[in-house]
1. So, of the residues in the stretch 1-36 that are open to solvent by less than 30 Å² (accessible area, probe 1.4 Å) and aromatic (F, W, Y), which turns out to be nearest to the chain's Cα centre (by Cα)?
2. Might you check whether a residue that is crowded, with 17+ Cβ neighbours inside 10 Å, modelled with pLDDT of 85 or more and closer than 23 Å to D65 by Cα occurs anywhere in the stretch 188-210?
3. Determine whether N48 is open to solvent by 50 Å² or more (accessible area, probe 1.4 Å) and either closer than 27 Å to D162 by Cβ or not in a helix (DSSP H, G or I) (or both).
4. Please count how many residues of the stretch 166-194 are under 27 Å from the mean Cα position of the chain (by Cα) and among the charged types (D, E, K, R).
5. Which pairs turn up if I take residues in the stretch 160-180 that are within 14 Å of D20 (Cα to Cα) and look for partners that are open to solvent by 60 Å² or more (accessible area, probe 1.4 Å) and not in a helix (DSSP H, G or I) with beta carbon separation below 7 Å, at least 6 apart in sequence or on another chain?
6. Determine the pairs where a residue that is among the polar types (S, T, N, Q), located within the stretch 65-92, has a partner that is open to solvent by 80 Å² or more (accessible area, probe 1.4 Å) and assigned to a strand (DSSP E or B) with Cβ atoms under 7 Å apart, the partner being 6 or more residues away or on another chain.
7. Quickly run through the stretch 131-151 and pick out the residues that are in a helix (DSSP H, G or I) and open to solvent by less than 50 Å² (accessible area, probe 1.4 Å).
8. Do we find a residue being in contact with a Phe, Trp or Tyr (Cβ under 7 Å, 6 or more places away or on another chain) and either hydroxyl-bearing (S, T, Y) or at negative phi (or both) anywhere in the stretch 1-8?
Amino acid sequence: MNYTQLVAEIQAYTQNYETDFVDNIPTFVEQAETRVYNTVQIPALRKNVTGVTTDGNKYLSCPSDFLSVFSMAVIDGDDNYEYLLNKDVNFIRAAYPNPNDQGLPRYYALFGPTVTNNTITDELSFILGPTPDAAYDVELHYYYYPESIVTAGTSWLGDNYDPVLLYGSLVEAYTFMKGEADMMALYEKKYQDALMQLNRLGTGLERGDAYRDGQAKIKVNP
């Protein structure tokens, strides 16, 4: 389902073609996407980037579209991946109180907003421990919000599991319309059912295989 089809379905379900309603359909869809993306971990929400540490600098900037970490690894001089352990800032400060405690980083923590030219920005940064003693390559896998179907025209959700996108958008649309309680409850139930099925895929089926977990089967009584 692409965005044009989604808009047509929302209007068909609600039988609402008023200008004010139509103008707000992009908001309904984006709010639905946000709800889904904060509920189910699907591969489409992950990407990876590489960066480089600075000798003597324990801070590392986050990507501009960063939401949360999936994994972080430092690549040493022999091209070995050393995966860092997530800790809090207090741990790293206590374990490495002196900035001159340098070496191959072993830990990282989400430090807080980046300061550029004495101005606090919306971008976040990491703190590493110990302080890097060289320019190491860093590979970061992280969660982010993919481009909305509103602007991209298509999306992973629209292509692979559109019921959760449709019913999530209808919940937002009926909230805007102050629709009848029974219809609101119906669409919310449809949305929750679709979300449960997507969760089964994103945090269930895609996390294993038949070789490791065995084939799924229903127990049959003799």
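1. F28
2. So far as the stretch 188-210 goes, no, none of its residues is crowded, with 17+ Cβ neighbours inside 10 Å, modelled with pLDDT of 85 or more and closer than 23 Å to D65 by Cα.
3. In short, yes.
4. So the count comes out to 5.
5. none
6. S71/Y83
7. Selection gives I149, V150.
8. no
The values are calculated or read from the model by the stated rules, or taken from the named source; none is laboratory data. Everything quoted here is computed from the prediction, not taken from an experiment. FYI the Cβ positions are ideal-geometry reconstructions off the backbone, even for glycines, and counts take in every protein chain you see. Please note that ligands, DNA and RNA were not included when accessible areas were found on the heavy atoms of the full protein model with its side chains. Shrake-Rupley method; radii C 1.70, N 1.55, O 1.52, S 1.80 Å.
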